[in-house]
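Notes to accompany the following structure.
The values are calculated or read from the model by the stated rules, or taken from the named source; none is laboratory data. Just so it is clear, the structure is predicted and the values come from calculations on it, not from any experiment. Because the Cβ atoms are built from the backbone with ideal geometry, glycine has one as well, and the counts that use them run over all protein chains shown.
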Amino acid sequence: MGMGGGGGSGARSDINVTPLIDVLLVLLIIFMVIQPNTVRGLDTLVPQPPKNQDKDKEPDQRTVVVQVQPNGAAGPSYKINEDVVNLSQLTEKLTEIFSVRNDKVMFVKGDKDLDFGQILPVINDGHAAGVDNIGIITPAVESGK
């Protein structure tokens, strides 16, 4: 009698998983090494030069302060840096001032006797003129506290 071995089912063909896992780990390492080298940019806001800027004309770089003062029954009066303007002309004047400026910052100084509703049109006109930042000057800010 002979020795029987392996049974009568024949050769078993199983997939060898070890080389497959080795290949996958090598690919994983390659992708991990490549990933940090990809170019990444930062989202930055770069100031743009104003449109239609005349080279001969030097823009006035004073701080723009719009003052709102009570004027009795006629309603409040408005000043842009000591220049008296009407409310109907305010948007036009502010657009003219800020068309040649890089920094679009305006301050509003209202009288303490006025309601905020009487100062609000100045803020709206500033936004309509393209002003980015509008600050309100309060007595505490004015005194430096």
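Wholly within region 42-145, which helices (runs of 4 or more DSSP H) include no fewer than the required count, namely at least 1 residues that are at pLDDT 85 or above and not acidic (Asp, Glu)?
87-98, 116-128
Condition first: touching a residue at least 12 places away in the same chain (Cβ under 8 Å) and out of contact with any Pro (no Cβ under 7 Å at 6 or more places or on another chain). Now tell me which residues in region 93-102 satisfy that.
Lys93, Leu94, Thr95, Ile97, Phe98
For residues in region 82-127 being over 20 Å from the mean Cα position of the chain (by Cα) and among the small types (Gly, Ala, Ser), which is nearest to Val64 (Cα to Cα)? Lay out the reasoning, then the answer.
Narrowing region 82-127 to residues over 20 Å from the mean Cα position of the chain (by Cα): 82-97, 100, 108-122, 125.
Going one step further and asking which of them are among the small types (Gly, Ala, Ser), we end up with 88, 110, 117.
Values: Ser88: 18, Gly110: 14, Gly117: 21 Å.
Ranking the candidates gives Gly110 first.
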